[in-house]
């Protein structure tokens, strides 16, 4: 009986050990694609490519010729209409990072962020020293709004699947409502099961 109990406990320990995952830290700059789903590398690649293209369009050269400072952009809405969850917030941050790295564009906070900042400024009025508090009426207005959509298409046959992602972004002049740039980036991923 004792031997049977020992064998049962040993088996449970072995099964328990076998099901524990092995986790290791890896370089975040190296893509590890486990599926054909949208991932962090897709987000970064699309953002870098689209911003690189956006600043080569005529609107940017025209802006610089007008003698204005770097154009200021606000991100309005980027919708995920794909068949899966895509972290739009992460994608927006990748767009902002790619834009700011060029040194050619500026971004302003969206309406939710602005409201929180205004509350902080209001709190500073009562609690911060006069020489250190942020002043009212110094916010930077946006020159352009960026909006877009993420779509996906899936094609499957037997043990193969191709997932295509298409990101469309539009840059709109806030003063004139003119669409000055429309960008599109596609990514295709093939998986065999």
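The values are calculated or read from the model by the stated rules, or taken from the named source; none is laboratory data. On a predicted model such as this, the values are computed, not experimentally measured, just so you know. Note that we place each Cβ from the backbone using ideal geometry, even for glycine, and neighbour counts take in every protein chain shown.
Side notes on the structure shown:
- Whether a residue is on the phi > 0 side of the Ramachandran plot and either surrounded by fewer than 14 Cβ atoms within 10 Å (Cβ to Cβ) or out of contact with any strand residue (DSSP E or B) (no Cβ under 8 Å at 6 or more places or on another chain) (or both) was assessed, and residue 158 passes this test.
- Summed over the stretch 64-76, the residues that are outside any strand (DSSP E or B) and in contact with a helix residue (DSSP H, G or I) (Cβ under 6 Å, 6 or more places away or on another chain) give a count of 1.
- Boolean, residue 115 is more than 27 Å from residue 46 (Cα to Cα) and modelled with pLDDT of 95 or more: no
- Scanning the stretch 50-78 for residues that are in contact with a strand residue (DSSP E or B) (Cβ under 9 Å, 6 or more places away or on another chain), surrounded by fewer than 18 Cβ atoms within 10 Å (Cβ to Cβ) and over 14 Å from residue 181 (Cα atoms) turns up 69, 70, 72, 76, 77.
- Hey, residue 164 touching a residue at least 12 places away in the same chain (Cβ under 8 Å), under 30 Å from residue 60 (Cβ atoms) and either loosely packed, with under 11 Cβ neighbours inside 10 Å or touching a strand residue (DSSP E or B) at 6+ places or on another chain (Cβ under 9 Å) (or both) or not: yes
- When the test is whether a residue is in contact with a helix residue (DSSP H, G or I) (Cβ under 8 Å, 6 or more places away or on another chain), in contact (Cβ under 8 Å) with a residue 24 or more places away in the chain and surrounded by 14 or more Cβ atoms within 10 Å (Cβ to Cβ), residue 88 does not pass it.
- Only one of 99, 152 that is in contact (Cβ under 8 Å) with a residue 24 or more places away in the chain and within 21 Å of residue 57 (Cβ to Cβ): 99
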